[in-house]
Amino acid sequence: MSEQPTAKRARVEPEFSIAYWSIRGLGAPLRMMAMYAKRPVTIVNYDVKMDVDSGKLDASAWHGPKKELKKKNAFINLPHLTDHARDDMVVSQTNACLTYLARRLGLGGRSEADVVLIDTLLCEVMDLRNKMIRFAYNGALEDLEKDGRTLLEEVMAKNGIAQKFELFLASRKHSAPCLLSYVTAADFHLWEMIDQYRTLAAQLGVDFSPSLLAWWQKFADLEENQAYLDSHLHNGLPFNNKSARFGSAPGGKTFQRGQAYQWASKESEQFNC
């Protein structure tokens, strides 16, 4: 009996491309959302290299693609999203990418009130992120512990951003493991930022918000999130670029000039979840 040829698995064309630096940063919630929805996606990561002698950063990997993409979108920046199912439409600016992708994935607001609430939540998360960015990229390495404790005290203080989210979670009339009664773009960005703050808190031996950590764990436990959480996009990439004093190496560690690293070995990868 002759051997039957093995059928080749058909290649699934990516529906979206998500481009960012070779870090988690603002790209993380977009990647996580696409993989949650199990859509075929191409992840493009541009690496920032550091000169061993001078410490000077080289972001030229992005310069060429940016020049071409600017012809399609005058506001092009990182992150950006390309929708291959919609004539390769290019979307830029973080919250525009998050809300557009959410609508395309069926994760947008289901009422006008919910749309407004999601926009509000995304703005609050961006405030939380910007505080982390100022801490991570400014100040001396020897002041990291002092400045980190100040940051955590500030966001967890009365009327701090963490307390706002604590009050919001306490006010919900549902027990779903998401901010609204259904998953939206805001969940993915808040989850990423809690992950960064809890990592910093653990390094400094500081307790972080129990209610936010409980929400973080429940959202992480969703089956739809496992493909992303098991991938190197989550486990292998640092929070920030190499010039940051916090999170410039995986696990919240600090990148050391000249150290070898593997997280930028592939500029482009396709994921079929």
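The values are calculated or read from the model by the stated rules, or taken from the named source; none is laboratory data. Not measured: the values here are computed from a predicted model. For neighbour counting, all protein chains shown are included, and Cβ atoms are generated from backbone atoms with ideal geometry for every residue, glycine included. SASA here: full protein model, heavy atoms, side chains in, ligands and nucleic acids out. Shrake-Rupley method; radii C 1.70, N 1.55, O 1.52, S 1.80 Å.
Structure notes:
- Helix-only [θ]222 nm of the chain, DSSP H runs n ≥ 4, -39500 (n - 2.57) each, per residue, nearest 500: -13000 deg cm²/dmol
- Using the Cβ-Cβ distance between N95 and D230 with R0 set to 30 Å, the FRET efficiency from 1/(1 + (r/R0)^6) comes to roughly 0.65.
- Rg/Rh, computed from the Cα trace of the chain with Rh as the Kirkwood radius, has the value 0.99.
- Sorted largest first, extent of segment 16-128 alpha carbons per principal axis (Å): 54, 34, 28
- 18 Å Cα-Cα reach of K72 towards aspartates and glutamates, excluding residues that sit fewer than 8 places from it in its own chain: D83, D87, D88
- Translational diffusion of segment 205-251, µm² s⁻¹ [Kirkwood Rh, Cα pairs; Stokes-Einstein; 20 °C; 1.002 mPa s]: 171 µm²/s
- Chymotrypsin sites (Phe, Trp or Tyr not before Pro) lying in DSSP loop within segment 7-103, provided at most 15 other Cβ fall within 10 Å: F75
- Approximating the spin labels as points 7 Å out from Cα along Cα→Cβ, the D143-to-F75 distance works out to 3.4 nm.
- Label separation (K218 vs A85): 3.0 nm, computed from points 7 Å beyond Cα along the C-beta direction.
- Residue-by-residue Karplus 3J(HN,Hα) for segment 85-98, coefficients 6.51, -1.76, 1.60, Hz, glycine and proline x: 7, 10, 6, 6, 4, 10, 10, 10, 6, 3, 5, 5, 5, 5
- Solvent-accessible surface (1.4 Å probe) assigned to D47 amounts to roughly 20 Å².
- Sorted from greatest to least, the principal axis extents spanned by the alpha carbons of segment 108-205 come out as 48, 22, 21 Å.
- Where chymotrypsin sites (Phe, Trp or Tyr not before Pro) fall in DSSP loop in segment 155-191, at most 16 other Cβ within 10 Å: Y182
- Where trypsin sites (Lys or Arg not before Pro) in DSSP loops with at most 15 other Cβ within 10 Å are excluded, longest remaining stretch of the chain: 174-256
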